[in-house]
Amino acid sequence: MYAYLKGTLEEITEDNIVVEVNGIGYNVKVSSTTVDLLPGPGREIKIYTYTLVREDSLSLYGFLTRDDLEIFKKLITVNGIGPKGGLAILSVMSADALRFAIMTGDAKAIARAPGIGNKTAERVILDLRDKVSLEDTLYGADREADGAVRTHAGAAGTVPDNLMKKEAIEALVALGYSASDATAAVRKVEVGEDATVESILKAALKYIF
């Protein structure tokens, strides 16, 4: 129903905001991560929305990027993960980190979300593993609405390049960095013709530090 809302941020609570658009205040449910990234009340914001219509209610769920919105829409297709569960997961991990957890089968990371047990986390992995790709993990927020990848350093990855980047991400995670930090750093690395996993890893470490 609504693709996004662009207006004045009027109120912020733990899991809800009010956005005023042309004199109308819209209640929008958000994750705690989104709350942490919002500007203060009185500032203009643009928030992408998912509309849930039920017999007795109409609810809006808001996200600061299309990437977060798209992963949320995938999450709520999983049996046992409603909108509340989807927001809970996105409150403890970014879209990038979630995709990486799905690809690597890291149910423990997903189960850190309130109300999400190990079995439900494993179901998320099972149901969504074929719905996320290495390109999504590497380029997530850089994808345009039509699926094209914005041109930037390292965005022209071939399949071998992407596999090397995946191995570099796994190496960074093994070193103790979070999946989201590792993915964000590796995404910034420009892959040359002579690139190796080791060279990508070294370059990514510069972005982390």
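Structure notes:
- Residue in region 163-181 that is within 19 Å of residue 99 (Cβ to Cβ) and in contact with a Gly (Cβ under 8 Å, 6 or more places away or on another chain) present: yes
- Output for region 161-193, where each listed residue is touching a residue at least 24 places away in the same chain (Cβ under 8 Å) and in a loop (DSSP other than H, G, I, E, B): 177, 178, 188, 189, 190, 191
- Filter result for residue 67 (modelled with pLDDT under 95 and closer than 26 Å to residue 126 by Cβ): yes
Residue-wise test of (1) within 16 Å of residue 99 (Cα to Cα); (2) part of a strand (DSSP E or B).
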residue: 27; (1), (2): no, yes
residue: 62; (1), (2): no, yes
residue: 74; (1), (2): yes, no
residue: 80; (1), (2): no, no
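- Some residue of region 199-208 being modelled with pLDDT of 65 or more, under 21 Å from the mean Cα position of the chain (by Cα), closer than 21 Å to residue 109 by Cα and outside the structural domain of residue 79 (by TED's automatic domain parsing): yes
- The set of residues in region 107-135 that are in a loop (DSSP other than H, G, I, E, B) and either surrounded by fewer than 18 Cβ atoms within 10 Å (Cβ to Cβ) or β-branched (Val, Ile, Thr) (or both) comprises 112, 114, 115, 116, 117, 132, 133.
- Taken together, the residues in region 29-60 that are in a loop (DSSP other than H, G, I, E, B) and either in contact with a Ser or Thr (Cβ under 6 Å, 6 or more places away or on another chain) or in contact (Cβ under 8 Å) with a residue 24 or more places away in the chain (or both) amount to 8.
- Hey, residue 155 at pLDDT below 85, in a loop (DSSP other than H, G, I, E, B), touching an Asp or Glu at 6+ places or on another chain (Cβ under 7 Å) and not hydroxyl-bearing (Ser, Thr, Tyr) or not: yes
The values are calculated or read from the model by the stated rules, or taken from the named source; none is laboratory data. Please read these numbers as outputs of a predicted model, since none were measured by experiment. Here Cβ is always computed from backbone atoms with ideal geometry, including for glycine, and neighbour counts include all displayed protein chains.
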